[in-house]
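The values are calculated or read from the model by the stated rules, or taken from the named source; none is laboratory data. Nothing here was measured: the structure is a model prediction, and the numbers come from that model. All Cβ positions, glycine included, derive from the backbone under ideal geometry; neighbour counts span all protein chains shown. Only protein heavy atoms, including side chains, enter the accessible area calculation; ligands, DNA and RNA are left aside. Shrake-Rupley method; radii C 1.70, N 1.55, O 1.52, S 1.80 Å.
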Amino acid sequence: MRIFRRTLILLVILLFAAQIVPVDRKNLPVDPAKDFYTTEKVPPNLRVIFDRSCSDCHSDQTRWPWYSHVAPVSWLVANDVHEARHHVNFSRWANYDAKKRDHEIEEICNEILEGDMPDSKYTLIHRGARLSQEEREAVCRWTGSPHQ
């Protein structure tokens, strides 16, 4: 019983100590002229889908929920956002050359058809971010992907 109590106290201390580890949750300024929606002329119905299911991770306009401020979950959330932004960032879309933009548009369809996006960790908590079959098909039609 003593070992259990000491272990529990140690875990609580470690959890509190973990809160002081800095986590980068900043959103950089966005130039609307360079974002995905302006550059690609995304239709309003698809913009709703992208905003709901993609933009929190793939843009510089992340909405950081309360749990993204509590370690160790904050580490996971911040890491996922940084990796997603590194892969493709809707806020910096115009900075990509035409070849990369074309490739990423095709990948959008591939990722959602394979079930890789939106990320299952994200949709576990954000159930509204899940895409219906109709939404998947609409996105793929817009991308012009032959994989629909």
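Running Debye on segment 1-115 with equal point scatterers at the Cα sites and no solvent, what base-10 log of I(q)/I(0) appears at q = 0.13, 0.18 Å⁻¹?
-0.61, -0.94
Working from Cα positions, state the angle (0 to 90°, nearest 10) between the long axis of helix 44-53 and the longest principal axis of the chain.
Here the helix axis deviates by roughly 20 degrees.
Does anyone have the angle between helix 2-18 and the longest principal axis of the chain? Alpha-carbon axes, 0 to 90°, nearest 10?
The two axes meet at around 40 degrees.
Over its Cα atoms, what ratio of radius of gyration to 2.2 N^0.38 Å does segment 56-148 give?
After normalising by residue count via 2.2 N^0.38 Å, the value is 1.15.
If pairing requires two Cys Cβ atoms under 4.7 Å apart, which cysteines of the chain are left without a partner?
Taking the Cβ cut-off of 4.7 Å, the unpaired cysteines of the chain are 54, 57.
For the charge dipole of segment 92-139, defined by +1 on Lys and Arg C-beta atoms and -1 on Asp and Glu C-beta atoms about the Cα centroid, which residue among 132, 113, 93 has the Cα displaced farthest towards the positive pole?
Result: 93, furthest along the dipole toward the positive end.
Counting only C-alpha contacts under 8 Å and six or more residues apart, can you give the relative contact order of the chain as a whole percent?
Rounded, it is 26 percent for the chain.
Mind checking the per residue accessible area of segment 1-79 for me, 1.4 Å probe, whole number of Å²?
I get 70 Å² per residue for this part.
Calculate the FRET efficiency for residue 5 and residue 69 from the Cβ-Cβ distance with a Förster distance of 30 Å, rounded to the nearest 0.05.
Given R0 = 30 Å and the Cβ-Cβ separation, E is 0.55.
Report in % the part of the accessible area of the chain that belongs to carbon and sulfur, leaving out ligands and nucleic acids; probe 1.4 Å.
61
Can you tell me the 0 to 90 degree angle between the C-alpha axis of helix 133-143 and the longest principal axis of the chain, rounded to 10?
Its long axis makes an angle of about 60 degrees.
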